[in-house]
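Read through the structure below, which is laid out as structure tokens, and then see the notes.
The values are calculated or read from the model by the stated rules, or taken from the named source; none is laboratory data. The structure displayed is predicted, hence computed values, not measured ones. Each accessible area value is taken on the protein alone, full model and side chains, heavy atoms only, with ligands, DNA and RNA left out. Shrake-Rupley method; radii C 1.70, N 1.55, O 1.52, S 1.80 Å.
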Amino acid sequence: EAGDSVRCRGVEVGRVEEGFLDWDNGRGRVKIKASFEKNATSLLRMGTRFWIQHPEFDFGGIRGLDTVVGPRYLAVLPGTGAIDDGPFIGLNRMPVVADVLSGDLEIIVESSERAGMRRGGVVSYRGMPAGRILDVELASDSTRVRSTVLIEERYAPLVRSGTRFFSISGVGSAL
């Protein structure tokens, strides 16, 4: 709503000026116009991500609890590319990993079935958390399940051409 805050890592960096529903090609899209404080305009870069922050409870943890008692807000995660004044396309939900380091390794793991893999799930190596599952979806031909996985930089050298991944059964399923 107009007047709601725009926040980056919990710090207010701007305000929503207006929000409206736009019917483009028969599909309703929410469009938001926001203004940023002068010292926060450098956040607007290629790769910057926006989403409406609200409480999320899933296997990856609990996020956005401040919106249970307080107002929702437009969250921003700055990109690392060149300065960009938009427009930007917002995400449907908060990204699983907010801070991706340059040495982290993003890979695609394909399997014949989902096998308990969930967005936000932990990827472990010898019982130690080594990464997160960013997304789980059907492959484009619908014959396999594709999981996008982010491996932390310090564990990235362990992933080689013959590395095998398997699902650990149980309540806190991991890859």
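So what is the accessible area of the range 88-164 per residue, in Å², with the probe set to 1.4 Å?
65
Quote the accessible area belonging to Asp85 in square angstrom, nearest 10, computed with a 1.4 Å probe and with ligands, DNA and RNA left uncounted.
150
Mind listing the long-range amide H neighbours of Leu134? Cut-off is under 5 Å, sequence gap 5 or more, other chains count too, H placed in the peptide plane at 1.01 Å from N.
When sequence neighbours closer than 5 places are left aside, the close amide H contacts are Gly120, Thr148, Val149, Leu150.
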